[in-house]
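Notes follow once the structure below has been shown.
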Amino acid sequence: MITVDRLAAVLVEAADTLVDDFDLIEFLQRLTTHASELFDVDAAGLLLADADGRLQPLAASDERAEMLELFQVQSAEGPCQDCYRGGAAVVNADLLNAGDRWPRFAPKAVASGYRAVHAFPLRLRQEVIGALNLFSAQPGQMDPADMQAVQALADVATIGLLQERAIRRRDILTEQLQVALNSRIAIEQAKGALAQIHDCTVDQAFDLLRNYARSNHLRLGQVAYQVTAEPDKVPELVTPTPRAP
Amino acid sequence: MDCLLIGGVSGKRDTLSDRGHGDIWSLVAEEPLRSSDREDVGGWLERLCRAAVRTLPASGLGVSLMSATGEPTVMAASSPDSVVLEELQFTLGEGPCQDAFATRRPVLTPDVREAAATQWPGYAPAVLELGVEAVFAFPLQLGSARLGALDIYREHTGSLSDESFRHAQAFAAVATESLLDAQERFAGRGEAPGDLALDRSFVVYQAQGMVQVQLAIDLAEAMVRLRAYAYANGRPVAEVAEDIVARRLVLESDS
């Protein structure tokens with residue numbers, strides 16, 4: 001179970017969205033990393049509804065293609081879809097026995113080594129804007145106190161995303177969300193370009209991208225943009241690595 | 001209504017608020033053809049501009065493309081007056097279209113008069129003279145691939161409503177999709193793609209990045225090639241993309 005002081009620290013960070021250089025993708029990425037570390041789960045992802053009301057994965061603690069597919073399939077069916085439509089958390093779903101409920105999602109999740117899945121709504125009053133998705137390789141029940149803590153984290157993040165921005169300008173979140181979705185696409189395009197340049201998998205390409213962004217203190221979305229649109233600004237990243245003889 | 005709506009509120013559907021890209025495609029397809037409409041993507045975008053003017057509503061609308069070097073071309077507009085407005089910003093070298101393209105974000109100017117002093121000392125007075133009081137520009141882009149911008153003109157000041165803002169984004173998204181689509185699909189009349197959901201798989205964007213490097217072309221062109229290959233072979237775009245990412249397929253440089 002999570003300690004009160006860890007939780008408090010994470011909640012404060014989740015609420016801190018009014019910094020000048022706020023970047024939605026990075027904010028969500030930190031949130032998923034915290035969620036996976038704090039709550040003894042093996043992977044966490046965050047999905048937000050786009051302008052068409054389709055759930056789109058924006059950030060994940062584990063960026064492997066296989067994992068992203070597990071998030072992406074939920075624009076059609078799965079715990080996040082149920083959570084988004086129903087507005088209530090879906091917890092402790094046993095994936096081995098979920099084939100009827102989610103015929104496409106459940107077998108995929110089992111094949112990826114997961115046994116339990118949870119989805120918590122990002123909700124403010126009547127409004128649901130997305131879901132926080134947790135995967136566990138072990139079957140079993142989530143600690144009820146942890147469930148409350150995860151929902152608290154999701155709630156604070158939602159308030160941070162919605163309320164403050166709503167006061168400043170109502171359309172700003174729609175815009176912010178669109179920019180974030182577009183950054184996500186830019187990241188995928190950059191993964192493909194880097195996989196081709198370095199003759200590696202898209203998963204390895206993501207590691208290259210993220211490591212470069214981290215070691216140069218740059219935003220992931222910005223580096224991704226430069227890889228495909230302004231490659232001369234990131235020469236080390238887009239130069240093919242010489243093959244070992 | 002105090003609640004801010006993005007995407008949708010669960011359990012409640014409002015037909016207009018929830019108008020998604022699919023509905024926008026239908027709106028454009030329903031827009032009557034005019035004898036002056038070209039039989040290519042340009043003609044389709046003319047209809048998109050006219051449909052958008054009625055839906056938003058707005059007094060005028062234009063779509064302009066920018067080359068990689070920033071060279072602009074007016075692609076379509078809702079009326080001859082709007083063509084003049086589009087061209088004006090390129091003549092003056094400043095305006096919402098260039099700003100939306102450069103910043104990769106919407107440029108929202110609910111009162112052009114306010115922008116006269118700071119943003120656009122040349123452009124703002126010029127459009128005010130033509131009766132335009134507010135302009136809103138939305139970038140046409142897909143990830144890092146940038147094509148241009150969609151410009152909305154209004155004869156009165158004031159922000160776009162939440163609903164108009166979402167519609168404007170949806171029209172911009174459909175314009176982008178159309179431009180990235182294989183041109184032959186627009187012979188005669190435009191059709192909505194069969195399955196947009198599949199087209200939006202991440203693997204499609206990954207393949208786009210790979211094709212860009214393989215063929216040494218720009219990113220937008222890579223998507224056009226990818227889609228053209230899929231249509232020509234009668235295969236879903238996502239399936240072709242999976243083959244490319246798995247390195248089972250390499251597109252020919254002259255295909």
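List of remarks:
- Our note on the geometry: Cα centres of the range A:38-60 and the range A:174-228, 18 Å apart.
- Kirkwood-based Rg to Rh ratio, the range A:7-161, C-alpha trace: 0.94
- Sparse-neighbour loop sites [trypsin sites (Lys or Arg not before Pro); the range A:51-121; at most 16 other C-beta within 10 Å; DSSP]: A:64, A:101, A:104
- FRET efficiency for residue B:157 and residue A:88, using Cβ-Cβ distance with R0 set to 35 Å, rounded to 0.05: 0.25
- Local electrostatic count, residue A:40, Cβ distance below 10 Å [Lys/Arg +1, Asp/Glu -1]: -4
- Here the Karplus curve 6.51 cos²θ - 1.76 cosθ + 1.60, taken at θ = phi - 60°, turns the phi angles of the range B:200-214 into couplings of 9, 4, 4, 4, 5, 6, 5, 4, 4, x, 5, 5, 4, 6, 4 Hz, with x standing for Gly and Pro.
- Cα centroid of the range B:100-157 to Cα centroid of the range A:69-93, whole Å: 39 Å
- Computed about its Cα centre, the charge dipole of the range A:1-149 is approximately 600 debye, with only Lys, Arg, Asp and Glu carrying charge at their Cβ.
- Gain upon complete extension [residue A:110, residue A:207; 0.36 nm per residue less C-alpha separation]: 32.4 nm
- Estimated dipole of the protein assembly as shown in Debye, rounded to 20 [Cβ of Lys and Arg +1, of Asp and Glu -1, Cα centre]: 540 debye
- Across the range A:119-129, coupling constants 3J(HN,Hα) worked out from phi with the 6.51/-1.76/1.60 Karplus curve, θ = phi - 60°, read 9, 10, x, 8, 9, 10, 6, 7, 9, 10, 10 Hz, and Gly and Pro carry x.
- Order of A:199, A:146, B:218 - criterion: other Cβ atoms within 10 Å of each residue's Cβ, fewest first: A:199, B:218, A:146
- Near residue A:214, once Lys and Arg are set to +1 and Asp and Glu to -1 for all other residues with Cβ below 13 Å from its Cβ, the sum equals +1.
- For the segment B:23-36, counting C-beta atoms of other chains within 10 Å of every residue's C-beta and taking the mean gives 0.
No value in this document is a laboratory result; all are computed from the given coordinates. Remember, it's a predicted structure, so these values are computed and weren't measured experimentally. Note that we place each Cβ from the backbone using ideal geometry, even for glycine, and neighbour counts take in every protein chain shown.
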